[in-house]
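The values are calculated or read from the model by the stated rules, or taken from the named source; none is laboratory data. This structure is a prediction, so every number in the text was calculated from the model and none was measured. Please note: Cβ atoms are built from the backbone with ideal geometry, for glycine as well, and neighbour counts cover all protein chains shown. When the accessible area is computed, the model is the full protein with side chains, heavy atoms only, and any ligands, DNA or RNA have been set aside. Shrake-Rupley method; radii C 1.70, N 1.55, O 1.52, S 1.80 Å.
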Amino acid sequence: MADPQLQTLFEAARLARERAYAPYSGFKVGAAVATRGGAVFAGCNVENAAFPVVTCAEAGAIAAMVAAGEARIAAVLVLGEGEALVTPCGACRQRIREFAAPDALIHTADVNGIRRSFRLDELLPFSFGPENLAP
Ligand code: THU
């Protein structure tokens with residue numbers, strides 16, 4: 001991983017994942033979002049004894065970004081283990097879409113590094129967004 005910005009994103013997601021609260025699924029996820037200005041915000045999944053009340057790692061990272069006063073996502077990195085790529089769930093694709101351009105990169109990774117990168121519009125084609133509600 002030569003890109004220092006990507007390395008920062010990776011480290012932020014890796015650290016956040018270590019703090020994930022996933023006692024029910026055992027599936028820990030870390031996510032990090034980068035703004036165009038280079039700020040990075042991370043999140044982890046937070047599960048609940050009432051199983052549907054879960055917050056995905058991406059949602060936590062986006063909430064931290066918005067709370068810091070930022071509103072544009074340049075890139076996202078999602079980090080989790082397993083054979084299958086840990087891509088954002090459907091709801092999180094839509095959450096990312098609110099703040100990111102169609103060509104924003106979404107990197108999937110495990111603890112060893114980046115596995116595959118996608119454009120947002122590959123993961124969520126023909127999406128609905130703020131422009132749809134513009135007058
Ligand atoms: N999870 C995430 O945090 N992000 C994703 O993109 C996929 C799934 C979490 C939710 C739940 O705590 C666990 O992974 C298993 O679904």
Is there any pair with a first residue in the range 30-46 that is open to solvent by 30 Å² or more (accessible area, probe 1.4 Å) and part of a strand (DSSP E or B) and a second that is modelled with pLDDT under 95 and within 13 Å of the ligand (Cβ to nearest atom) whose Cβ atoms are under 6 Å apart and which are 6 or more apart or on different chains, and what are they?
none
Of all residues in the range 32-77, count the ones that are closer than 16 Å to residue 106 by Cβ and at pLDDT below 95.
1
Can you pull out the residues in the range 68-121 that are more than 16 Å from residue 36 (Cβ to Cβ), open to solvent by 60 Å² or more (accessible area, probe 1.4 Å), touching a helix residue (DSSP H, G or I) at 6+ places or on another chain (Cβ under 8 Å) and not charged (D, E, K, R)?
111
Count of residues meeting criterion [under 18 Å from residue 89 (Cα atoms) and more than 10 Å from the ligand (Cβ to nearest atom)] in the range 17-55
5
Exactly one of 58, 98, 70 is more than 15 Å from the ligand (Cβ to nearest atom), under 30 Å from residue 131 (Cα atoms) and touching a Gly at 6+ places or on another chain (Cβ under 7 Å), and that one is 98
